[in-house]
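One structure is given below, encoded as structure tokens.
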Amino acid sequence: MRAAVSREVGQIGIEELPDPRPRAGEVRVRLVSSGICHTDVSVLAGHLPSPRPIVLGHEGAGVIDELGPGVDGLAIGDHVICSIITSCHACFQCLRGEYALCERAVGFSGTMLDGTTRLQSGEADVHTLFCQGSFSEYAVVPASATVKIRQDAPLDKLAGLGCAWSTGLGAAIVRAEVRPGSSVVVIGAGGVGLAAMMGARAMGATSVIAVDIAARKLDRAKDLGLASHTITASGSDAVDAIRDLTGGRGADYGFDAVGAPGTLETALQAVRPGGLAVAIGVMDATVTATFDLFGFLMQKRLTGTYAGSILPQRDIPAFVDLYMDGRLPLDSVIDATYSLDQVPKALDQLAANEITKGVVLL
Ligand SMILES: [Zn+2]
Ligand SMILES: [Zn+2]
């Protein structure tokens, strides 16, 4: 099979590798498409440490073509989304329903759940990002991360549900459980922020205030019918503008989809007493935040979410149903499609912020 392999920081090329085979508890997916996510760019650039060689890509969508031993509930021919949540369903956190926080998650190790790889190049192991490596023709994926979806849903359009879109949707729908009629602030109108706006809208939010320093992104949020108001500002200017739009009170919910210094503070300052601020992303692991204690005495709440806190097998099919019902305009944020050969160019364009959501068609 062909796959996009990174052998050193900053380098990625298309190579021919032996087809992978699933082991116990795994399936093989013939990939139809893969979303391109900022994490792929970060791993390629070496900002997130990862072993090499590695096949990048972690938003796979495709069709199961082989089952490993002991796989229940999935069948050859099933249409699936490959989630980044590779839960074991047996550890302390999984037993509490916190699949996104599974203690046996592989992180950036590049291996499968048992610590080994399914790909080789000559004698050397080839790693895969988040138990997928979806910039390839086939991926072996843990059954626990493989989510069956309805056959009439377009596999070439929904791969983003493997990571970025589920993160934004889950933040609003699962983590915050946005209430109907509420006001919502979303800081950052990129792919994840737009998905958070869609999730809030699907839950019945009637006022969605999008905040970004890029007017182009805000125009898009408005054109898509997601943002009711847009604010091209940051920090206290943004907070003042949000208060003006919310009766001087602040919004019910604030989502920070940026994670730069100061953005989570803005989200918390922008919510009303008793409101909820949610951290969805972080630009790098060293970013810290500082808050006034008084806001918490006013019963403001602050939390975060990893991967949208979703239960993949419960929530991704629900997101697909909402999409098919016309209530989540997910595919309208796709602004570029690529062949496998164009993956290096696609990652360059995402790194340069030239695209919001790219999809590789395999
Ligand atoms: Zn991702
Ligand atoms: Zn677990």
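The values are calculated or read from the model by the stated rules, or taken from the named source; none is laboratory data. As the structure is a computational prediction, the values presented were derived from the model and not from experiment. Glycine gets a Cβ as well: all are built from the backbone with ideal geometry, and neighbour counts include every protein chain shown.
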Qualifying residue in the stretch 306-316 (condition: out of contact with any helix residue (DSSP H, G or I) (no Cβ under 9 Å at 6 or more places or on another chain) and either polar (S, T, N, Q) or touching a residue at least 24 places away in the same chain (Cβ under 8 Å) (or both)): no
Every residue from the stretch 295-323 that is assigned to a loop (DSSP other than H, G, I, E, B) and under 15 Å from the mean Cα position of the chain (by Cα): T305, Y306, I310, L311
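Yes/no per residue for (1) surrounded by fewer than 19 Cβ atoms within 10 Å (Cβ to Cβ); (2) farther than 29 Å from G259 by Cβ; (3) within 16 Å of ligand 1 (Cβ to nearest atom); (4) in the same structural domain as T356 (by TED's automatic domain parsing):
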| position | (1), (2), (3), (4) |
| --- | --- |
| Q11 | yes, no, no, yes |
| I14 | yes, yes, no, yes |
| D19 | yes, yes, no, yes |
| C37 | no, no, yes, yes |
| L74 | yes, yes, no, yes |
| T86 | no, no, yes, yes |
| C94 | no, no, no, yes |
| G115 | yes, yes, no, yes |
| R118 | no, yes, no, yes |
Wholly within the stretch 175-266, helices (runs of 4 or more DSSP H) carrying at least 1 residues that are in contact with a strand residue (DSSP E or B) (Cβ under 8 Å, 6 or more places away or on another chain) and of a type in the set (K, R): 191-202, 215-223
Number of the condition not met by V71 [criteria: (1) of a type in the set (A, V, I, L, M); (2) farther than 23 Å from A171 by Cβ; (3) in a helix (DSSP H, G or I)]: (3)
Scope the stretch 14-34; condition assigned to a strand (DSSP E or B), out of contact with any helix residue (DSSP H, G or I) (no Cβ under 7 Å at 6 or more places or on another chain) and not hydrophobic (A, V, I, L, M, F, W, C); matching residues: E15, E16, R28, R30
Of all residues in the stretch 103-152 being under 17 Å from E16 (Cα atoms), touching a Cys at 6+ places or on another chain (Cβ under 8 Å) and assigned to a loop (DSSP other than H, G, I, E, B), the one that is farthest from ligand 2 (Cβ to nearest atom): S134
